[in-house]
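What follows is a single structure, written as structure tokens, with notes after it.
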Amino acid sequence: ALKKELLKIQIPEWREQMETVGLVSFLSLTLEDADVDVMRNICNDLTGANANSFVFIISKDVDEDKVKFMACFGKEAVSKLDIKELATLLKALGLRGGGKETILQGGGVVSDLKAVKRAVREFSEKR
């Protein structure tokens, strides 16, 4: 519960860290051992406050190489970036998942987290 509260406190700071990349406001976060509910709350908060946002959260499992991810698109951003294209990109990097119109979530084993983050940023730069 304390961890959830600490993450909640950081949301205003993360809002300020969002940057305009391509046609959207983008933020990529790396957390440790965050559960899906926490990740979803962060996503909903950030995309709810900015309809033109794309937020990518990756949570590392402290004990293993496993990661969970969540990609969230604000109501405006979803028409500018192709969520299916992102799913294909992540699959090529070893992450599998599924979702609906504005959210994609899943996980996998990743040896190079920087490569994933770089690829997601490049995806967000599309015009």
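The values are calculated or read from the model by the stated rules, or taken from the named source; none is laboratory data. Source: prediction; values computed, not measured. So basically every Cβ, Gly included, is an ideal-geometry build from the backbone, and we count neighbours across all protein chains shown. Side chains included, ligands, DNA and RNA excluded: accessible areas come from the protein's heavy atoms. Shrake-Rupley method; radii C 1.70, N 1.55, O 1.52, S 1.80 Å.
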#### Entry: FRET efficiency, 1/(1 + (r/R0)^6) with R0 22 Å, evaluated for residue 96 and residue 1 via beta carbons
0.15
## Note on the structure
For residue 35 the rounded accessible area (nearest 10 Å², probe 1.4 Å, non-protein molecules ignored) is 70
### Summary
Answer in debye to the nearest 20: the dipole magnitude of the chain about its Cα centre, from +1 Lys/Arg and -1 Asp/Glu charges placed on Cβ, is 380
### Task
Report the accessible area of residue 26, computed with a 1.4 Å probe over the heavy atoms of all protein chains in place, in Å² rounded to the nearest 10.
10
#### Entry: Accessible-area ranking of 40, 96, largest first, probe 1.4 Å
96, 40
### Task
Can you tell me how much longer the chain between residue 119 and residue 15 gets when fully stretched, taken as 0.36 nm per residue apart minus their C-alpha distance, in nm with one decimal?
35.3 nm
### Alpha carbon centroid spacing (whole Å) that separates the range 71-106 from the range 10-25
18
#### Entry: Accessible area of residue 38 in the full protein assembly, 1.4 Å probe (Å², nearest 10)
10
### Summary
For 6-12, 28-34, ranked highest to lowest by mean beta-carbon neighbours within 10 Å, the order is 28-34, 6-12
### Task
Mind checking which of 22, 59, 94 is farthest towards the positive end of the chain's charge dipole, using Cβ charges of +1 (Lys, Arg) and -1 (Asp, Glu) about the Cα centre?
22
### Task
List, in the order given, every pair from 84/117; 60/114; 8/60; 4/80 whose Cα-Cα distance in the structure shown is over 23 Å.
4/80
### Query
Which value, in Å², gives the accessible area per residue of the chain when a 1.4 Å probe is used on the protein heavy atoms?
56
### Task
Could you order 65, 82 so the one with the most accessible surface comes first? Probe is 1.4 Å.
65, 82
### Message
Counting only protein heavy atoms and a 1.4 Å probe, tell me what percentage of the chain's accessible area is made up of carbon and sulfur.
### Response
48
### Summary
About its Cα centre, the range 5-52 carries a charge dipole, from +1 on Lys and Arg Cβ atoms and -1 on Asp and Glu Cβ atoms, whose size in debye to the nearest 20 is 240
